[in-house]
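Everything on this sheet refers to the single structure shown next.
Throughout, read-outs are computed from the coordinates displayed, never taken from laboratory work. Just so you know, these numbers come straight off a predicted model, no measurement behind them. Glycine also receives a Cβ, built like all others from the backbone with ideal geometry; neighbour counts cover every protein chain displayed.
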Amino acid sequence: MRDAEVGLAFNKAHPSSALRAPHSALGLYIHIPFCHARCGYCDFVTFTHKEDQRGPYVKALCKEIEMYGGSTVSTIFFGGGTPSVLDSSHIRSIFKTLQDYVHFKLGVEITLEANPESVTLDALNAWREVGINRLSLGLQAYDDTLLKAMGRLHTVRQFEQAYRKARETGFNNLNIDLIYGFPTQTLRGWKETLTSTAALKPEHISLYSLTVEENTPFGAQSVEVDADMQAEMYAAARAFLPDKGFAQYEVSNFAQPRKECRHNMIYWRGQNYLGLGVGAVGFVNGLRWENQKNLHSYFKDIQAGRLPRQAAETLTPQTRKFERLMLGLRLREGFYWPENDPLWLSERSRLADKGYLEETHPGTWRIPDSYVPLTNQILLPFL
């Protein structure tokens, strides 16, 4: 692949999707939808008991990668689902196709999400071999009883073994996912999870408040969340993690210095990214699309040589501005707010008058530290 940043060579069967190349490299999200079991809170596009579909899916995914040949990427993120359930041969096939059709920008960040029970030394070595340099381990809780109630398949011991093996294999950029606000979770138990997690000294910690979506097992069970308890848990994390070297750089994310997730920063800064695989979402130059969520439909489009898009929309300039605002204000670095836009000036004044915004540098605004817990409520009007 040539070194120059090149255009997006979209399949000619979709002339409407031919976009001009962005001037900077893209983020690349690759969705792996397979899981051994479905967690009670999960509302992502995932499938269980489809082991026989993994090989065909990888082949289809490789064909979709070819459709975007010539793209330059600065980050790659394998999400799911559970990407770590793929065989090493599947991972190698995907990377062979990426290397043949996509240019990797120097220093590319490549993240793979992994569940502890599927992490083995052979898998870790294969991931390192192809160039994966960041792992995101789904711990969720340092409590076996809670893990079982959540529908997780691993134990705390399995997580610790996976974490240790990752370090021994040479991974020096690890994220740990945690969930708080589970009905039977106590504030004391949450603090113990934070303490045990921080003691491992990962480079990054992501915190997710439990949300119960309608089309999930928890939704069907009418699981209820205590919002007040969640607020206490969130406050405890914000008070504890910075003292352990983890700076909060986004509402739900904490990292050691210079270890922020570069791929996710692309989303929050409103930059361009491709979404590949069933159910994936992409955004390039104002065009946002969502891939087919049905596996059969995804296969059918790929086999016909079509980009497997289920829906697409071109965002209006105003929508792009407000989405950029909504995402940018989640970041602690703040958001550059142009002063020459009357509509933005009106909204900025409204929020600033209530104390919800502060100017950190000329033209750069953010939500004050004391109001970070209210970020979702503050941004609600923009939804």
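Between ARG157 and ASP243, what is the spin-label point distance in nm, taking each point 7 Å from the Cα along the Cα→C-beta axis?
Once both label points are built, they end up 3.2 nm from each other.
Once you have the Cα-Cα distance between THR314 and GLU213, take 0.36 nm times their residue separation minus that, and quote the gain in nm to one decimal. Kindly include the intermediate steps, with their values, before the conclusion.
Numbers: separation 101, 0.36 × 101 = 36.36 nm, distance 2.74 nm.
Separation in residues times 0.36 nm, less the Cα-Cα distance, equals 33.6 nm.
Most exposed first by the Cβ proxy, i.e. fewest other Cβ within 10 Å, how do LYS354, LYS321 rank?
Values: LYS354 10, LYS321 19.
By the 10 Å Cβ count, ascending, the order reads LYS354, LYS321.
Straight-line reach from LYS191: which lysines have Cα under 20 Å away, leaving out those fewer than 8 places along the same chain?
LYS191 reaches LYS148, LYS201, LYS244.
Please identify the trypsin sites (Lys or Arg not before Pro) of region 47-113 that satisfy two criteria: DSSP loop assignment and at most 14 other Cβ atoms within 10 Å. Which are they? Don't jump to the answer; show the numbers that get you there.
Values: sites: LYS50, ARG54, LYS59, LYS63, ARG92, LYS96, LYS105; in loops: LYS50.
Here the trypsin sites (Lys or Arg not before Pro) that fit, given the DSSP loop and packing criteria, are LYS50.
Determine the relative contact order of region 15-268: mean sequence separation of Cα pairs under 8 Å and six or more apart, normalised by residue count, in whole percent. Could the numbers behind the result be given before it?
Values: 417 pairs, mean separation 44.3, N = 254.
It comes to 17 percent, rounded to a whole number.
Between LYS293 and ALA37, what is the label-point separation in nm under the 7 Å Cα-to-beta-carbon projection?
If labels sit at ALA37 and LYS293, their model points lie 2.5 nm apart.
Simple spin-label model, 7 Å along Cα-to-Cβ: GLU333 to ARG306 in nm?
3.9
With a cut-off of at most 13 other beta carbons within 10 Å, and DSSP calling the residue loop, which GluC sites (Glu not before Pro) in region 184-219 qualify? Please list them. Show your work: numbers first, answer last.
Values: sites: GLU192, GLU203, GLU213, GLU214; in loops: GLU203, GLU213, GLU214.
Listed in order of number, the matching sites are GLU213, GLU214.
At a 10 Å Cβ-Cβ cut-off, how would you order THR46, THR375, THR314, fewest neighbours first?
Fewest-to-most Cβ neighbours within 10 Å comes out as THR314, THR375, THR46.
Any idea what the relative contact order of region 317-383 is, in percent, if you count C-alpha pairs under 8 Å spaced at least 6 apart?
Averaging sequence separation for qualifying contacts and normalising by length gives 33 percent for region 317-383.
What 222 nm value per residue comes from the helices of the chain, counting each DSSP H run with n ≥ 4 as -39,500 (n - 2.57) and dividing by all residues, nearest 500 deg cm²/dmol? Present the calculation step by step, with values, prior to reporting the outcome.
On the way: 13 runs with 135 residues, N = 383.
Rounded to the nearest 500, the figure is -10500 deg cm²/dmol.
GLY277's amide H: which non-local residues (gap 5+, or another chain) put their own amide H closer than 5 Å, with H modeled 1.01 Å from N in plane and none for Pro or chain starts?
HIS31
Round to the nearest 0.05 the FRET efficiency obtained for ASP52 and ASN125 when R0 = 30 Å and r is the Cβ-Cβ distance.
Working: r = 26 Å, r/R0 = 0.87.
Given R0 = 30 Å and the Cβ-Cβ separation, E is 0.70.
For GLU290, GLU250, what's the fewest-to-most ordering of other Cβ within 10 Å of each Cβ? Before the final figure, lay out the partial values.
Details: GLU290 17, GLU250 21.
Going from sparsest to densest Cβ surroundings: GLU290, GLU250.
Roughly speaking, what is the centre-to-centre gap between region 231-306 and region 115-153 when only Cα atoms are used, to the nearest Å?
18
Restrict the search to region 298-383; then list the GluC sites (Glu not before Pro) that DSSP places in a loop and that have at most 11 other Cβ atoms within 10 Å of their Cβ. Each step should come with its number before you reach the end.
Numbers: sites: GLU313, GLU323, GLU333, GLU339, GLU347, GLU358, GLU359; in loops: GLU333, GLU339.
Answer in residue order: GLU339.
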